[in-house]
Amino acid sequence: MAERLAVKKTYKLYVGGKFPRSESGRSYEVTDAKGGLLANAAWASRKDARDAVVAARKALPGWSGATAYNRGQVLYRVAEVMEGRHAQFVNEVAAGEGLARGKASALVDEAIDRWVWYAGWADKIAQVVGSSNPVAGPYFDFSVPEPTGVVAVLAPQRSSLLGLVSVLAPVIVGGNTAVLLASADRPLPAITLSEVLATSDVPGGVVNILTGTLADTAPILAAHMDVNAVDLTGAAGDAEQARELELAAADNLKRVVRAPEAEPDWIAEPGLERITAYLEIKTVWHPVGV
Amino acid sequence: MLDDARLSDIASSEASLRRFLHGLPGVDQTGAEARAAALATRSIKTTAKQYAIDLAISMIDLTTLEGQDTPGKVRALCAKALRPDPSDRTVPRVAAVCVYPDLVATAKEALGPNSPVKVASVATGFPSGRTSLAVKEADTREAVAAGADEVDMVIDRGAFLAGRYGEVFDEIVAVKQAAGDAHLKVILETGELATYDNVRRASWLAMLAGGDFIKTSTGKVAPAATLPVTLVMLEAVRDFREATGRQIGVKPAGGIRTSKDAIKYLVLVNETVGDDWLDPDWFRLGASSLLNDLLMQRQKIATGRYAGPDYFTLD
């Protein structure tokens with residue numbers, strides 16, 4: 001019997017709920033920790049970044065307008081579908097990060113648990129960071145969190161799944177939409193996550209995932225006037241690049257989550273900082289007794 | 001060559017009008033669509049793009065035709081027409097604002113006397129055109145009396161599709177007379193005409209009857225302006241000028257929302273009728289949200305970073 005021909009996967013971008021190739025037609029080689037070829041990933045250009053921002057902006061009213069309960073349910077569903085792709089994630093994390101399968105498997109477990117943890121916050125964060133305020137006047141005064149808008153996320157370069165989940169989930173749980181630039185050298189778990197998102201109930205455009213280099217798309221996203229916040233975590237360790245991105249982001253006063261000096265340990269218990277970083281507090285003064 | 005005697009001969013009876021319109025060569029549907037699609041792939045970049053964006057801005061009939069229009073909204077629209085981007089004086093003005101007849105006086109006042117921006121008013125029972133001729137004439141006279149420089153009339157599609165060409169012809173002539181010195185744009189509502197052959201016939205009918213412009217659509221019917229329909233109309237004005245020496249303008253309207261769309265139309269004009277028509281006097285774009293997209297593209301070119309709608313007026 002003839003040997004079966006391998007059916008190789010084409011790794012593509014995820015924009016507006018679809019899987020386009022890069023507008024540039026370029027791709028780049030993704031290697032495992034030992035330098036062996038893993039895949040040819042799409043190399044996103046500035047126009048792909050532009051398209052992703054358009055898709056994220058279009059998805060924002062629907063996603064931010066959904067009830068918090070509904071968002072929580074949708075995000076929990078993502079975790080369910082991730083569980084079904086467990087083995088695939090383990091393979092990709094093990095190859096990309098050069099880990100033993102056992103260690104990689106524990107990281108995937110942690111990543112799914114992290115997603116569930118954030119999903120749970122969808123309908124609770126308002127109670128924690130919102131308030132009713134005692135004021136000296138005939139007003140009922142209360143504060144509620146609202147999403148910042150379109151958030152550009154530079155995902156961590158080293159932790160390709162746990163780190164990815166730890167920066168992406170807090171953005172969308174609050175009702176923001178995201179344009180995420182995956183780790184340049186380890187993009188495969190992000191691409192698989194995009195397939196998970198496409199087959200969960202997350203509306204197209206809520207998360208858009210680009211693969212490629214930081215240098216091609218990060219400055220475009222940081223300077224884009226229709227992006228409301230930017231997370232520079234993926235630029236950790238490169239102070240000069242981070243500085244330039246912060247300067248570009250200053251033009252329209254974006255919210256900036258600054259790049260740490262070194263990539264943090266993602267195993268550590270997360271706090272609420274990453275959720276609240278992309279929330280704006282709105283305070284309403286409502287006259288009473290008139 | 002169609003001289004005046006031949007033209008009045010064509011218009012002399014329903015039968016001769018029909019003979020002439022049905023004698024026009026048929027439109028090659030596949031060819032027209034392929035031609036429009038091929039021209040739409042032209043890549044217009046850098047300085048050519050800058051030129052095209054400014055030209056497109058200067059050709060816009062900035063339009064608001066909603067039941068909910070208010071004098072305040074029209075005044076805001078007029079301010080935007082005069083100074084599309086308050087932060088940049090180099091942005092050209094638009095060609096005209098287009099409103100309902102009852103808001104013409106408001107627009108006229110907001111633009112000021114001798115304004116370079118014209119006021120266009122829809123009339124004749126817009127958008128369906130299903131009123132009596134007397135009402136259509138009165139509608140037109142009122143708009144012109146209120147100060148409209150241009151009148152956008154709709155044709156009676158029911159009569160046209162039923163083949164009563166004479167009736168449509170007489171109506172356009174009557175409205176033209178009621179409009180006096182005001183420029184007359186004839187809306188064909190191509191989305192309801194079903195075939196390109198009908199678009200070609202309606203274009204010729206409108207031109208024979210004395211329209212100064214032929215316009216694709218009201219914007220209330222889908223599909224509104226499309227590239228192939230505009231191509232057919234541009235060919236009609238080209239052939240009409242060759243035959244009679246009279247130049248007629250073209251105005252696609254409805255559904256043109258992005259700079260890319262607008263530039264495709266400009267390419268179509270340039271390649272079909274040449275740069276005689278690349279002028280706000282002879283080609284207009286009926287649009288509202290298009291202007292903001294053009295301004296955003298302009299800012300992108302000037303600053304190098306992508307612009308966002310938060311920094312432009314809502315309309």
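Over the protein assembly as shown, what is the percentage of antiparallel beta bridges among all DSSP beta bridges, to the nearest 5? So the antiparallel bridges amount to about 30 percent of the total. Net charge dipole, the range B:4-305: roughly 980 debye, given to the nearest 20, about the Cα centre with Cβ charges of +1 for Lys and Arg and -1 for Asp and Glu.
Counted by Cβ distance under 12 Å from B:Glu66, the other residues give a net charge of 0, where Lys and Arg count +1 and Asp and Glu count -1. For B:Val154, the residues whose modelled amide H falls within less than 5 Å of its own, excluding neighbours fewer than 5 places apart on the same chain, are B:Ala123, B:Ile187.
The GluC sites (Glu not before Pro) of the range B:3-93 that DSSP puts in a loop, and whose beta carbon has at most 11 other beta carbons within 10 Å, are B:Glu66. Partner shielding of A:246-256 amounts to 1, given as the average count of beta-carbon atoms from other chains within 10 Å of each residue beta-carbon. Based on DSSP H segments of at least four residues, each scored -39500 (n - 2.57), chain B has a per-residue ellipticity at 222 nm of -15000 deg cm²/dmol.
A Cβ-based charge dipole, computed about the Cα centre of the range B:28-183 with Lys and Arg at +1 and Asp and Glu at -1, lands at about 620 debye.
Rank by packing, highest mean first: peptides B:149-155, B:106-112, B:298-304, with packing defined as the count of other Cβ atoms within 10 Å averaged across residues.
Descending mean neighbour count gives B:149-155, B:106-112, B:298-304.
Relative to the longest principal axis of the Cα atoms of chain A, helix A:86-97 runs at roughly 80 degrees. A DSSP coil position with no more than 12 other Cβ atoms inside 10 Å describes none of the trypsin sites (Lys or Arg not before Pro) in the range A:68-114. Report the trypsin sites (Lys or Arg not before Pro) located in the range A:28-60 that are in a DSSP loop and have at most 16 other Cβ atoms inside 10 Å of their Cβ, or state none. Sparse-neighbourhood loop trypsin sites (Lys or Arg not before Pro): A:Lys34.
Within chain A, antiparallel bridges make up roughly 55 percent of the DSSP beta bridges whose residues both belong there.
Over chain A, DSSP H runs of length four or greater, each weighted -39,500 (n - 2.57), average out per residue to a 222 nm ellipticity of -13500 deg cm²/dmol. Axis angle, to the nearest 10 degrees, between helix A:162-173 and the longest C-alpha principal axis of chain A: 40 degrees. The charge dipole of the range A:27-287, taken about its Cα centre with unit charges on the Cβ of Lys, Arg, Asp and Glu (plus for the first two, minus for the last two), comes to roughly 440 debye. Relative to the longest principal axis of the Cα atoms of chain A, the long axis of helix A:214-223 lies at roughly 20 degrees.
Inter-part distance, the range A:26-48 to the range B:261-315, computed on C-alpha centroids, equals 37 Å.
Over all other residues within a Cβ to Cβ distance under 9 Å of B:Thr218, the charged ones net out to 0, with Lys and Arg as +1 and Asp and Glu as -1.
Give me the inter-chain shielding for A:226-239: mean count of other chain Cβ atoms within 10 Å, whole number please. Present the calculation step by step, with values, prior to reporting the outcome.
Working: counts 8, 2, 2, 0, 0, 0, 0, 0, 0, 0, 0, 0, 0, 0.
For this peptide, the per-residue mean of nearby foreign Cβ atoms is 1.
Scanning residues 5 or more positions from B:Cys98 or on other chains, those with amide H under 5 Å from its amide H are B:Leu62, B:Thr63, B:Thr64, B:Ala120, with H placed 1.01 Å from N in the peptide plane.
At a Cα cut-off below 30 Å, give the lysines reachable from B:Lys108, other chains included and same-chain residues fewer than 8 away excluded. Filter leaves B:Lys73, B:Lys80, B:Lys118, B:Lys136, B:Lys176, B:Lys185, B:Lys215, B:Lys220, B:Lys251. The residue among A:Val108, A:Ala122, A:Leu232 whose Cα reaches farthest toward the positive pole of the charge dipole of the range A:27-287, with charges on the beta-carbon of Lys, Arg, Asp and Glu, is A:Ala122.
By the rule of a C-alpha distance below 12 Å, with chain neighbours fewer than 8 residues away ignored, the aspartates and glutamates paired with A:Lys18 are A:Asp51, A:Glu195. Pairs of Lys residues in the range A:27-287, spaced 8 or more positions apart or belonging to different chains, with C-alpha separations under 24 angstrom: 7 in total.
Partner shielding of A:217-224 amounts to 2, given as the average count of beta-carbon atoms from other chains within 10 Å of each residue beta-carbon. Ordering B:Ala96, B:Thr131, B:Val154 by the projection of their Cα atoms onto the charge dipole of the range B:4-305, which places +1 on the Cβ of Lys and Arg and -1 on the Cβ of Asp and Glu, puts B:Ala96 at the extreme positive end.
Every number in this text was worked out from the coordinates using simple rules, so none of it is lab data. In this text, all values refer to a predicted model and were calculated from it rather than measured experimentally. In this analysis, Cβ positions are derived from the backbone assuming ideal geometry, glycine residues included, and neighbour counts consider all displayed protein chains.
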